[in-house]
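The values are calculated or read from the model by the stated rules, or taken from the named source; none is laboratory data. Not measured: the values here are computed from a predicted model. A quick note on method: Cβ atoms are made from the backbone with ideal geometry, for glycine too, and the neighbour counts reach across all protein chains shown. Keep in mind that these areas ignore ligands, DNA and RNA; they rest on the heavy atoms of the full protein, side chains included. Shrake-Rupley method; radii C 1.70, N 1.55, O 1.52, S 1.80 Å.
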Amino acid sequence: MRRRDVLAGVASAGTLAGAGALAVYGMPGDENDEEPRHDPVTIDTVEAAGSSGGTQQIPAEDSVTFVDLFATTCGTCKEQMPALGEAYDRVGDDVTFVSVTNENEEQVPDADIADWWDEHDGHWPVGRDATSDLIVHYGSGTPIGVLFDSDGIVRWEESGRKESDEIVSRIEDVLKSKSE
């Protein structure tokens, strides 16, 4: 094989690799500044301790929003309630803080949610995602924490039990980045 043929082969392979990288990653410096946003969902809130009946938009307009997706039948959700309560007490005035179940009215009536809420010391807004838009979008297990910035962009989401320090730290990071 001649040297020219080898060089032509190497150059062709390099061109193909570069074209593939360009197709997958785009032009260098051609960053897409648009972060994925979740279309707002309106949930029905439940009359319970710290929660009035009505509706709540998630993410809340022009507010950092922390959402806890839970189920009344979830043992981990029950265990996480003290950490959520502590996090709410520390930053609840600075963010829209809400817990949401996708259990329907037939499974768990509002009165049962209110009783569960009171039993586990919930004292912030609690609601029901009757269409399951949130749980379908963010996962199938509970609990799930989702943190939106004031532009409605998801800045953190995580399933499983979370400690209050982690929740507060994540919220404070988002609040700090918006004030800079």
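When you go through VAL168, VAL146, VAL108, VAL174 one by one, which is the residue that is among the β-branched types (Val, Ile, Thr), touching a strand residue (DSSP E or B) at 6+ places or on another chain (Cβ under 9 Å) and part of a helix (DSSP H, G or I)?
Testing whether each residue is among the β-branched types (Val, Ile, Thr), touching a strand residue (DSSP E or B) at 6+ places or on another chain (Cβ under 9 Å) and part of a helix (DSSP H, G or I) leaves just VAL174.
Which members of segment 77-94 meet the condition of being over 14 Å from VAL168 (Cα atoms) and either in contact with a strand residue (DSSP E or B) (Cβ under 7 Å, 6 or more places away or on another chain) or surrounded by fewer than 15 Cβ atoms within 10 Å (Cβ to Cβ) (or both)?
Residues satisfying the conditions are CYS77, GLU79.
Applying the selection to segment 95-109, what residues are at pLDDT 95 or above and open to solvent by 20 Å² or more (accessible area, probe 1.4 Å)?
Selection gives THR96, PRO109.
Which residues, counting only those in segment 26-53, are modelled with pLDDT of 85 or more and either under 16 Å from ASN102 (Cα atoms) or outside any strand (DSSP E or B) (or both)?
Within segment 26-53, PRO40, VAL41, THR42, ILE43, ASP44, THR45, VAL46, GLU47, ALA49, GLY50, SER52, GLY53 meet the criteria.
From the list ASP151, ASP165, pick out the single residue that is open to solvent by 50 Å² or more (accessible area, probe 1.4 Å) and under 16 Å from the mean Cα position of the chain (by Cα).
On inspection, the qualifying residue turns out to be ASP151.
Could you grab me the full set of residues in segment 111-136 that are part of a helix (DSSP H, G or I) and open to solvent by less than 60 Å² (accessible area, probe 1.4 Å)?
Of the residues in segment 111-136, the ones part of a helix (DSSP H, G or I) are 111-119, 133-136.
Result: ILE113, ALA114, TRP116, TRP117, LEU134, ILE135.
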